[in-house]
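What follows is a short report on a single structure.
The values are calculated or read from the model by the stated rules, or taken from the named source; none is laboratory data. Please read all numbers here as calculations on a predicted model, not as lab measurements. All Cβ positions, glycine included, derive from the backbone under ideal geometry; neighbour counts span all protein chains shown. Each accessible area value is taken on the protein alone, full model and side chains, heavy atoms only, with ligands, DNA and RNA left out. Shrake-Rupley method; radii C 1.70, N 1.55, O 1.52, S 1.80 Å.
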Number of protein chains: 2
Amino acid sequence: MKIAILGSAGMIGQEFLAQVSAAEALMPDVTALIACDVVKTPTPATLAERTTDVVGNVTDAAVIKAVLDHRPDCIIHLASVVSGEAETDFDKGYQVNFDATYALLETIRGLSAAEGYRPRFIFASSIAVFGPPFTEVLEDNFHLAPRTSYGTQKAMQELLVNDYTRRGFIDGISLRLPTICVRPGKPNLAASSFFSNIIREPLAGKEAILPVDESLRHWFASPQAAAGFFIHALTVDLSQMDHNRALSMPGVSATVGEQIEALAQVGGSEAVALIRKQIDPVIEGIVSGWAPNFTAARARALGFEADWDFMAIVEKHQSRFGG
Amino acid sequence: MKIAILGSAGMIGQEFLAQVSAAEALMPDVTALIACDVVKTPTPATLAERTTDVVGNVTDAAVIKAVLDHRPDCIIHLASVVSGEAETDFDKGYQVNFDATYALLETIRGLSAAEGYRPRFIFASSIAVFGPPFTEVLEDNFHLAPRTSYGTQKAMQELLVNDYTRRGFIDGISLRLPTICVRPGKPNLAASSFFSNIIREPLAGKEAILPVDESLRHWFASPQAAAGFFIHALTVDLSQMDHNRALSMPGVSATVGEQIEALAQVGGSEAVALIRKQIDPVIEGIVSGWAPNFTAARARALGFEADWDFMAIVEKHQSRFGG
């Protein structure tokens, strides 16, 4: 199996490559990897010989051509501008998060007509396709009503993936990812940053700001679980799926208070003491527009698996990055 | 008020112009009309002096520029390839039904940035944005799951209208039209054609084929009601609408049997005798994917009005075209 990864140098791309390297014995034969990102992709040593780098932006037709020249059996499309940037830079958001995918699908359609090429196309969507008012637990048929340009772009891409699949140009699936937690790296200015900060920073002996009330509930997956969704999507049997190929992925629904309890069990009370509560009404306003819980029934029935609970999320982070 | 109509020579565009001409005393002051279509638009005599024709395709940037050079206060966007053609000609469907709208909105965004231009943008969407399985009556928050390229394109355009409105580039609204009945003209090969044929042809003394069972239920608006939605949308107060500017329009839910009862009342048993039932499993399959009934609660609350019942639909047709 030849796998192309667009956005391979990002958090999920890197975790995906690490899991492929670690679990090769359990996977279909990976004969080649095409790693595409704006920088050269760090690749595990066991995969280096089989990996071809395509360095460039997915908005560049030459980059898309260079990836498709390999005729990958599977295309994992992770390349995206994040929510905050898509909001502040309208042009860049639509160019990267929509126009590039549309052009990519059109190029595949050309190959489909010319030679019957029909790759599995695994698209990283997001729960940002949904907007309030929410039900307590969102069913799989909750209506699309994004509140951001990012969510709008993700929803439009899902619709294209469904239509191009129905027409036989790709074998597509869209995975709506929960908020990823614990993100490695440094705190940033994204409104969702605190969900990871309040775990990662105290475990590293550093202070973290909590800008919302502990009662806030949200929907999480570890980077490890997220990469696992894409591994599973490589080979899952989609022949029995209905026409809607967009799936809300399973996750863990937890309040901020439950996050902190899990931190206490892993890092002790001295870790919890490093959280400083400082309510930020702007951030509270933004995160109140995010969904708290999902059944994810269709995805679970297809074998997609979430983290066990929020403790498991913290432990996975600690075993990878912890002291 | 300067009004631009894209697709002004089509069925709804023509009915819109007829209603503007007939009801000017009840309307805001129409100072200018910009009529845009691939052919020269037939225009009522009372409006001719105020009407500027732009003849050309909405896929042509020069045509869009010629329309926007007038800086219309309202843009009514009816230009579209129909469902069947969007299915058989994939390229043309996306070019006309999506790419042209995206380019149009981008051009408006440029004017918005340069000079604060922000027109009301009234987009003709369709109940084809929904797909089965249906509930008995679809609520306004029924999920988007189109089963055709046409429905996909309409859903993507709705998402753009919402996002461009939220960002302040337009004051947008999408009107999801029911199936229009009774369509004037001749029977055609569209799967929905029979809904109009079985009324229009017998009233003209001609035979019509009924390819489905009388128990089939569907959702209708007359061309007159549809044009009325656009008249109402010119001035309706949208300031209290939530972020989702896509509205399922009110309509009449009727079975084919109820259609035939209405025909009998207007045309008598001799008209009904001209309907020849000849089940077509292909057409039955297609129309089973169409929604039967809607609450249209949000649209009704905003003052959009449907035909009274299916009798009213038949009578409107008869008074316009009947002998």
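A few comments on the model shown:
- Low-density loop positions, trypsin sites (Lys or Arg not before Pro), the stretch A:243-323 - DSSP coil, at most 13 other Cβ in 10 Å: none
- The DSSP beta bridges internal to chain B are antiparallel in roughly 10% of cases.
- Three-way shape label, the stretch B:170-209, alpha-carbon gyration tensor, a/c 1.5: prolate
- Local net charge near A:PHE90, Cβ-Cβ under 14 Å (Lys/Arg +1, Asp/Glu -1): -3
- For chain B, a Gaussian network of Cα nodes joined below 10 Å ranks B:PRO119, B:PRO132, B:PRO202 by mean-square fluctuation, and the top entry is B:PRO132.
- Given charges at Cβ of Lys, Arg, Asp, Glu: chain A dipole, positive-most of A:LEU216, A:VAL182, A:VAL67: A:VAL67
- Computed over the protein assembly as shown, the P(r) curve from all C-alpha pair distances, binned at 20 Å from the origin, holds 18, 47, 28, 7, 0 percent per bin.
- Exam field: A:THR107 pseudo-label spacings to other copies (7 Å along Cα-Cβ), nanometres: 2.9
- Listed by chain and number, the lysines whose C-alpha is less than 28 Å from the C-alpha of B:LYS2, apart from same-chain residues fewer than 8 away, are B:LYS40, B:LYS65, B:LYS154.
- Dipole magnitude for the stretch A:207-288: about 180 debye, using +1 per Lys or Arg Cβ and -1 per Asp or Glu Cβ, origin at the Cα centre.
- GluC sites (Glu not before Pro) lying in DSSP loop within the stretch B:98-168, provided at most 11 other Cβ fall within 10 Å: B:GLU136
- Residue of A:ILE275, A:ILE173, A:ILE313 that the Gaussian network model of chain A assigns the largest fluctuation, springs spanning Cα pairs under 10 Å: A:ILE275
- Mean partner shielding of peptide A:148-156, defined as the number of other chain Cβ atoms within 10 Å of each residue Cβ, is 4.
- Placing a label point 7 Å from Cα along the Cα-to-Cβ axis, A:ALA22 is separated from the same position in the other copies by 7.1 nm, shortest listed first.
- Distances in nm from B:PRO132 to the matching label points in the other copies, shortest first (labels 7 Å along Cα to Cβ): 3.7
- If you model chain A as an ellipsoid using its alpha carbon gyration tensor, with each semi-axis the square root of five times an eigenvalue, the axes come out at 32, 22, 18 Å, biggest first.
- Once you divide the Cα radius of gyration of the stretch B:153-264 by 2.2 N^0.38 Å, the number left is 1.31.
- Projected onto their three principal axes, the Cα atoms of the stretch B:43-172 cover extents of 48, 31, 31 Å, largest first.
- Taking the accessible area of chain B, probe 1.4 Å, and keeping the other protein chains in place, the carbon and sulfur fraction comes to 53%.
- Among the trypsin sites (Lys or Arg not before Pro) found in the stretch B:29-138, those both in a DSSP coil and sparsely packed, with 15 or fewer other Cβ atoms within 10 Å of their Cβ, are B:LYS40.
- Comparing B:ALA301, B:VAL38, B:SER83 along the charge dipole axis of chain B, the residue lying farthest to the positive side is B:VAL38, per the Cβ-charge model.
- Gyration tensor (alpha-carbon) shape descriptor, the stretch A:211-323, a/c threshold 1.5: oblate
- Helix screen, chain A: no DSSP H segment has Cα axial length of 27 Å or more and mean Kyte-Doolittle hydropathy at least 1.6.
- Only alpha carbons enter this Debye calculation for the stretch B:266-312, each as an equal point scatterer, and the log10 of I(q)/I(0) it gives at q = 0.33 Å⁻¹ is -1.11.
- Summing Cβ point charges (Lys, Arg +1; Asp, Glu -1) relative to the Cα centre of the stretch B:34-127 gives a dipole of roughly 380 debye.
- Relative to the Cα centre, the charge distribution of the stretch A:184-323, modelled as +1 at Lys and Arg Cβ and -1 at Asp and Glu Cβ, gives a dipole magnitude of about 320 debye.
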